[in-house]
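A short write-up of the structure that comes next.
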């Protein structure tokens, strides 16, 4: 266990190396909050109640989405891409630990780091300039926290999938660039999926993306009923199980392939 | 320049990845605009086709910027790697050398979805394309490209003063792509519109030109023709950014090695 915690600690330290690298990503989060809440104000000025959600609820959605987004920033995909390109992945295989688990701990390190660095400033910014992002119902908080953790794990598995895909298809370059716009639209981190046309929602029901951002956020603003929330969290867990099994099989395949490539 | 083109074909399949990603991102943004614009009928005068015109214009200037000035995105990495030293050794204007090194033919992938969206919007809007309108469009495209380049030059030049892993540039990439050229500025509160017009002139990239072409009012009632204004602001801002870049260059200390 200690060796994994060490990896986590190294990640946290290496991210605090340059001050500008801390300030500007934070600034971007502020800008996002302003953009999203401005758009909702603009839209709601015409129509005070859209799909049963009010403007304060929507602003809370935007703020909490930014907070969840800054927490769930994983690097496994980018890391795999660079290690693959530079060949350092070979060294990883020599290390006496389970590689996938060590990558997971690297990203847990990233998440702890993001939480420490960004959570308080973003929350303060939102409280001062927009509003206090209170949940609809305080009793929902434990379920929300659970849902966020599942969301983080689900996002990590999606990143791992694209990362392993990068390892298999080295020539395709950085596949993360395909993942990001997919997530931006299909996960409802910005515009919730209930705004989208019916066919789009039908497709998204059968994909895991919707269960990343939208589920915890809808629970938080009270868009989902209690039973609906429990069901959604259940589906999150099902997706995680499915993806875990798939990733395990995929990883076994990738490992064999890599070893063969190395001669 | 030939080398720069060839190095892009080193990984031909990587190109394919970008060919999938960039349109996905561009049309994804358009889908968001469509979804949002169905929620309001006529506020601020933006219809969906007007927004498509605005959005397409933004992407076309982005494409032009990426084709001609992609080098400025990498200033910080070149400083950190020490590659910038090599450029300073050439017996030419370092900035010119810097730009010429990375003429980026792959920018056609960026510009194509923009042209498609822009053409679609023009067809739907039934704009009158007389000589004046075409001249205005050219002025807007040049101005918008120069503003974008100026922004990235300033962002990159910050790396001459403080070490950074491209944080300012990455900030600007997202800031321009998602926050300011993807949505018209008049959705923002007044104070922020002031910043985005007079401090960082992103409004002139596509919000004001689109409003000009559609005969809409702008927040600040700028008296000069907005398209002409874009060109002037573009040139002025580019020169300012160039000055800052040169100033930064004087401060530049090699990372050594």
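For chain A, set up a GNM with springs between Cα atoms under 10 Å and report which of A:86, A:57, A:46 has the largest fluctuation.
A:46
Nearest 500 deg cm²/dmol is fine: what mean residue ellipticity at 222 nm does the protein assembly as shown get from its DSSP H runs of n ≥ 4 alone, each adding -39,500 (n - 2.57), divided by its residue count?
-23000 deg cm²/dmol
Between B:26, B:37, B:227, find the one with the highest GNM mean-square fluctuation for chain B; connect C-alpha pairs within less than 10 Å.
Maximum fluctuation in the GNM of chain B, among the listed residues, is at B:37.
Neighbouring Cβ atoms within 10 Å as the yardstick, rank A:225, B:221, A:54, A:102 fewest first.
Lowest to highest Cβ neighbour count: B:221, A:225, A:54, A:102.
If you count, for every residue in B:145-156, the Cβ atoms of partner chains within 10 Å of its Cβ, what is the mean?
Partner-chain Cβ atoms within 10 Å, mean over residues of B:145-156: 0.
List the equivalent ellipsoid semi-axes of chain B in whole Å, largest first, each obtained as the square root of 5λ for an eigenvalue λ of the Cα gyration tensor.
33, 21, 17
Diagonalise the Cα gyration tensor of the protein assembly as shown and give the resulting equivalent ellipsoid semi-axes, square root of 5 times each eigenvalue, largest first, whole Å.
36, 32, 22
Considering the zone a paramagnetic label at residue B:93 would reach in this model (a point 7 Å from Cα along the Cα-to-Cβ line), which residues of the range B:153-177 have amide N under 17 Å from it?
From the range B:153-177, the list is B:153-154.
Percentage of Cα-Cα pair distances in chain A greater than 34 Å, rounded to whole percent?
22
Residues in the range A:189-207 near a label at residue B:192, defined as backbone nitrogen under 17 Å from the 7 Å Cα→Cβ point?
Those under the cut-off are A:190-192.
Using Cβ counts within 10 Å as a stand-in for footprinting exposure, how do A:3, A:256 rank, fewest first?
The order, fewest Cβ neighbours first, is A:256, A:3.
Along its three principal axes, how long is the range A:129-190 when you only count alpha carbons? Whole Å, largest extent first please.
So the three principal-axis extents are 49, 26, 18 Å.
Using r as the Cβ-Cβ distance of residue B:16 and residue A:138, and R0 as 45 Å, what FRET efficiency do you calculate, to the nearest 0.05?
It comes out at approximately 0.35.
With a 10 Å Cβ neighbour count serving as the proxy for reagent exposure, in which order, fewest first, do B:96, B:69, B:171 appear?
Taking fewest neighbouring Cβ atoms as first place, the list is B:96, B:171, B:69.
Values in this text are rule-based calculations from the coordinates and carry no lab data. Values in this document were obtained by computation on a predicted structure and should not be read as measured data. We place every Cβ from the backbone using ideal geometry, glycine too, and count neighbours over all the protein chains shown.
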